[in-house]
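Here the structure comes first, spelled out in structure tokens, and everything after it is commentary.
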Amino acid sequence: MKKKKLKYFCISFIVIFFSIAVFVQGCNKLPQGEKDTSLQRKTEENLTEEKEITFFYPYRGGLSSKNKIIELESESSLEERIMKALSILFANNEDTDNYLPKDVKILDIFVDDDSIVYVNLDSEVFHNESLAATLEREFVSAVVLTVLKNFPEASAVKILVKNEERETLAGHIDISKPFYLAAGRNEEEEILF
């Protein structure tokens, strides 16, 4: 008799449990043809973030700056975020007066333990060493300021060409050492050359 009651109780419990599970599952379903996009929206929102970047461009013997909001991957490394910003800087967009050389390509970017950002260029930026010192200075300033003004976790910028350290890009500005910002100065003057 006790076995029969126990068996009846177990069967009843299982039936009730499955009935509740089926009911709850049915309540969570969307009407036919509708998709649940809430998870997709949350995932997309978490994958990217908008960041306002100040880009510095050589312009008529000085520097010009332009703010632009770009999307960066939330989980991206500092190197990836800087690569995206510099790629946009070098892209010669039609909506800017960009006097950067058109054939600049970035091989890679890496950051050392002292937070120095190494920008490794793929080609000679200035093929002609007779170019003015002003153009070379503006190019270096544009790269350094775009990185250091937008990514405070970077302490300095070092420019390499084809994985090699160089003394200069076109014979005028010493690039053999990293560039730092000097506190309290204005844009071009605030880079320690």
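The values are calculated or read from the model by the stated rules, or taken from the named source; none is laboratory data. If you're wondering where the values come from, they're calculated on a predicted model, not measured in any experiment. Quick reminder, even Gly has a Cβ in these numbers, built from the backbone with ideal geometry, and neighbours come from all protein chains shown. Calculation scope for accessible area: heavy atoms of the full protein, side chains included, ligands and nucleic acids excluded. Shrake-Rupley method; radii C 1.70, N 1.55, O 1.52, S 1.80 Å.
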**Request:** Would you rank I53, I14, I88 by solvent-accessible area, highest first, keeping every protein chain in place and using a 1.4 Å probe?
**Result:** I14, I88, I53
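Could you sort out which of K105/K177; K51/K158; K68/K177; K51/K162; K68/K162 sit more than 27 Å apart by Cα distance in this structure? Numbers along the way, then the final one.
Details: K105/K177 21 Å; K51/K158 24 Å; K68/K177 29 Å; K51/K162 30 Å; K68/K162 29 Å.
Flagged as over cut-off: K68/K177; K51/K162; K68/K162.
How much length is gained if the chain between K177 and S87 is pulled fully straight, taking 0.36 nm per residue apart and subtracting their Cα-Cα distance, in nm to one decimal?
Details: separation 90, 0.36 × 90 = 32.40 nm, distance 2.27 nm.
Working it through step by step, the gained length comes to 30.1 nm.
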**Inter-probe distance in nm under a simple model that places probes 7 Å from Cα toward Cβ, at E167 and K66** = 3.6
